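Below is one structure, written out as structure tokens; comments come after it.
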Amino acid sequence: MGLTATASMIRPVEASRKLQKRAELMIPGGVNSPVRAFGSVGGDPLFIVRGQGSHLWDVDENKYIDYVGSWGPLILGHAPPGVPEAVATAAKDGTSFGASTAAEADLAEIVISAFPQVEKIRFVNSGTEATMSAIRLARAYTGRKYIVKFEGCYHGHADALLVKAGSGVATLGIPGSAGVPEEFTQLTLALPFNDTDALELAFKKFSNQIACVMVEPVVGNMGCVPPLPLYLDALREITIRDGSLLIFDEVMTGFRLAFGGAQERYGVLPDLTTFGKIIGGGLPVGAYGGPSEIMNMVAPLGPVYQAGTLSGNPLAMAAGIATLRYLRSHKSTVYTGLEIRSAQLTEGVIAASAEAGVPMCCNRIGSMFTWFFTPGPVTDWTSAAKCDTQAFARFFRAMLDRGVYLPPSQFEAAFLSAAHTENDVHQTIAAAKQAFATMRVGSSS
Ligand code: HOZ
């Protein structure tokens, strides 16, 4: 039941293991982002050689049905027709200029057309950059210092946001990060998600001092946790009442839950929106946007400084344009298909868990979901933290051995893409049935 790296009985892992050992000599933990190290699930981190459609192949020639999708952006699957070609065409003309190209306005036009509240947008290189810039802007616009975030939400690794964070921070079970002076987080108020009373209280105590409330409208970073009915409406109402800005971090949900993101799906419009890698078709991109009145405060028009040599780089713009144009012209079929297959998949696995007597629940919104190893319900970080993470680890490894790649943490959302077929869904449910059979009490697989 331990999490040590024992060789899989079912699939070869030698080549991945060898590469991991080599990487560990030069890169902390052998990885360039902590959750890739499989620390909470055990076993050998995968070294990927190729992705196509719904599948990944590793260096040991194992093939997996992929439900990570590069942590969300690959809504069309790996290397979908048109996207690699668009990147290759752009690359032939040069990879980066540190100067403007027409593609930036082309991508801006598509994002703005999908998000009515976004009149202007600034491209950056990651979700982390997007969220920290949006907060700087909110503070400048309101002239206030405090920010509100929610326990279990993760908005990248900027100092002020590493407070009771989800994702890798929750996975590692640490409260924040060393190297962040206490003074840097004193202006961050971390409240329980889905708790309107807690928010009311905070606004009472810090009336006219809170610059913004930043939230993942559907949380993906403590696993998938949707807002309770009318919760987002309450956030909207309370922030308007106090003159604070509401920021939706749609790094995961933008273009994923609907073409217009969670704000379209729930009908609640924030002041600012942050975006991530999906708008770059999986290449390194982030963005933040909102009404001109607020965005015009960003340099060079206004006093809020934010910059980046690679921001709006032509390769990422090309991949983003190709991805979003495809999504826009196939909207109804893509999102309907994602809904149907994701429901089949999640319900099939939960039925199998019930049959096997494994206490579990599932949260799903559209093609974003998590199987939690707790009877549930999971509505916030307190309930998510009740999960049996050891059971999740055993399930994760058993699924991997059967050719299914899930996020290597209980506290990350899984994603289905438009490339996943009914056959993938059936295979995954069959794998889950076998995985549950290996998880009987006392089993060490
Ligand atoms: N930001 C990603 C979603 N939680 C996790 C990926 C990573 O930290 O590498």
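The values are calculated or read from the model by the stated rules, or taken from the named source; none is laboratory data. What you see is a predicted model, and the numbers here were worked out from it, not measured in a lab. Here Cβ is always computed from backbone atoms with ideal geometry, including for glycine, and neighbour counts include all displayed protein chains. Accessible surface areas use protein heavy atoms only, side chains included; no ligands, DNA or RNA. Shrake-Rupley method; radii C 1.70, N 1.55, O 1.52, S 1.80 Å.
Given the Cα-Cα distance of GLU237 and THR89 and 0.36 nm per residue of separation, how much length would full extension add, in nm?
Extending this stretch completely gives an extra 48.6 nm.
With +1 on each Lys and Arg Cβ and -1 on each Asp and Glu Cβ, and nothing else charged, work out how big the dipole of the chain is about its Cα centre, in Debye to the nearest 20. Walk me through the numbers before you get to the answer.
Details: 35 positive and 39 negative charges, 105 e Å.
Charge dipole, the chain, about its Cα centre: 500 debye, nearest 20.
Assigning unit charges at the beta carbon (Lys, Arg +1; Asp, Glu -1) and nothing else, what dipole magnitude in debye, to the nearest 20, does segment 340-445 show about its Cα centre?
Here segment 340-445 has a charge dipole of around 200 debye.
Kindly state, to the nearest 0.05, the FRET efficiency for SER70 paired with SER207, given R0 = 41 Å and r defined as their beta-carbon distance. Working shown, then result.
Details: r = 42 Å, r/R0 = 1.02.
Result of the calculation: an efficiency of 0.50.
Using per-residue counts of other Cβ atoms within 10 Å, averaged over each peptide, order 366-375, 192-201, 320-329, 90-99 from highest down.
Values: 366-375: 22.7, 192-201: 17.1, 320-329: 20.6, 90-99: 11.5.
For the peptides 366-375, 192-201, 320-329, 90-99, the packing ranking is 366-375, 320-329, 192-201, 90-99.
Would you mind computing Rg(Cα) / (2.2 N^0.38 Å) for the chain, counting N as its residues?
0.96
Calculate the spin-label point distance for HIS426 paired with LEU230, positioning each point 7 Å from the Cα along the beta-carbon direction, and give it in nanometres.
4.5
If a paramagnetic tag sat 7 Å from the Cα of MET297 along the Cα-Cβ line, which residues of segment 130-146 would have the backbone N under 12 Å from that point?
Output list for this probe position: 134-146.
Quote the relative contact order of segment 336-396 in percent (integer), defining contacts as alpha-carbon pairs under 8 Å separated by 6+ residues.
On the way: 62 pairs, mean separation 14.5, N = 61.
After rounding, I find 24 percent.
Percent of accessible area on segment 272-349 owned by carbon and sulfur, 1.4 Å probe? Don't jump to the answer; show the numbers that get you there.
Working: 1800 of 3000 Å².
Accessible surface attributable to carbon and sulfur in segment 272-349 totals 60 percent.
So what J values fall out for segment 128-137 if you push phi through Karplus, 6.51 cos²θ - 1.76 cosθ + 1.60 with θ = phi - 60°, rounded to Hz, Gly and Pro as x?
Using θ = phi - 60°, the values come out as 4, 5, 5, 6, 5, 6, 5, 5, 4, 5 Hz.
If I build a Gaussian network model for the chain, linking alpha-carbon pairs within less than 10 angstrom, which residue out of PRO359, PRO73, PRO217 has the largest mean-square fluctuation?
Per the Cα network of the chain with a 10 Å cutoff, PRO359 tops the list.
Antiparallel as a % of all DSSP beta bridges within the chain, to the nearest 5?
Rounded to the nearest five, the antiparallel share is 55 percent.
Over all pairs of distinct alpha carbons, what does the Kirkwood formula give as the hydrodynamic radius of segment 320-445, in Å?
The answer is 15.4 Å.
Given R₀ = 60 Å, what would the calculated FRET efficiency be for LEU310 paired with ALA437, taking r from the Cβ atoms and rounding to 0.05? Please list the in-between numbers first.
On the way: r = 48 Å, r/R0 = 0.81.
Efficiency, from the Cβ-Cβ distance: 0.80.
Whose amide H sits under 5 Å from the amide H of CYS212, counting only residues 5 or more places off or on another chain, with H placed in the peptide plane?
VAL148, LEU245
Relative contact order, percent, of segment 299-445 when contacts are C-alpha pairs under 8 Å separated by at least 6 residues?
Numbers: 146 pairs, mean separation 32.9, N = 147.
Computed value for segment 299-445: 22 percent relative contact order.
Could you give the length gained on full extension between SER100 and GLU14, defined as 0.36 nm per residue of separation minus the Cα-Cα distance, in nm? Working shown, then result.
On the way: separation 86, 0.36 × 86 = 30.96 nm, distance 4.58 nm.
Additional length available on full extension: 26.4 nm.
So if we plug the beta-carbon distance of ALA354 and SER329 into 1/(1 + (r/R0)^6) with R0 = 35 Å, what FRET efficiency do we get, rounded to 0.05?
Given R0 = 35 Å and the Cβ-Cβ separation, E is 0.30.
Would you work out the relative contact order for the chain, in percent, from Cα pairs under 8 angstrom that are 6 or more residues apart? Don't jump to the answer; show the numbers that get you there.
Values: 899 pairs, mean separation 100.0, N = 445.
About 22 percent, as a whole number.
Probe radius 1.4 Å, ligands and nucleic acids left out: which of SER133, SER113, SER292 has the largest accessible area, and how do the rest follow?
Highest to lowest solvent-accessible surface, that is SER113, SER292, SER133.
Kindly express, to the nearest 10 degrees and within the range 0 to 90, the angle between helix 314-329's C-alpha long axis and the longest C-alpha principal axis of the chain.
Long axis of 314-329 versus the principal axis of the chain: about 80 degrees.
With θ taken as phi - 60° and the coefficients 6.51, -1.76 and 1.60, list the Karplus ³J(HN,Hα) couplings across segment 14-30 in order, rounded to whole Hz; mark glycine and proline as x.
Per-residue couplings from phi come out as 4, 5, 4, 4, 5, 5, 4, 4, 5, 4, 4, 5, 10, 10, x, x, x Hz.
Would you please give the residues with an amide H less than 5 Å from that of VAL404, counting only those at least 5 places away or on a separate chain, with H modeled from the backbone geometry?
Amide H to amide H, under 5 Å and 5 or more residues apart or across chains, VAL404 pairs with ILE65.
List every residue whose amide H lies under 5 Å from the amide H of GLY82, counting only residues 5 or more places away in sequence or on a different chain, with H placed 1.01 Å from N in the peptide plane.
Residues meeting the criterion, in which the H sits 1.01 Å from N, do not exist here.
Could you derive backbone 3J(HN,Hα) for segment 209-218 from the dihedral phi with the Karplus parameters 6.51, -1.76 and 1.60 (θ = phi - 60°), listing whole Hz in sequence and x where the residue is Gly or Pro?
10, 8, 6, 7, 10, 10, 8, 7, x, 10
Assign one of three labels to segment 7-136, namely rounded, prolate or oblate, based on the Cα gyration tensor with a ≥ b ≥ c the square roots of its eigenvalues; rounded applies when a/c is under 1.5, prolate when it is not and a/b is larger than b/c, and oblate otherwise.
Note, shape of segment 7-136 comes out prolate.
Once the piece of chain linking GLN390 and VAL49 is laid out straight, how much longer is it, given 0.36 nm per residue of separation minus the C-alpha distance between them?
Answer, rounded to one decimal: 119.9 nm.
Calculate how steeply helix 389-401 sits against the longest principal axis of the alpha-carbon atoms of the chain, using the helix alpha-carbon long axis, and give the answer as 0 to 90 degrees to the nearest 10.
70
To the nearest 10 degrees, how steeply does helix 102-114 sit against the main Cα axis of the chain, on a 0 to 90 scale?
In the chain, helix 102-114 runs at an angle near 90 degrees to the longest axis.
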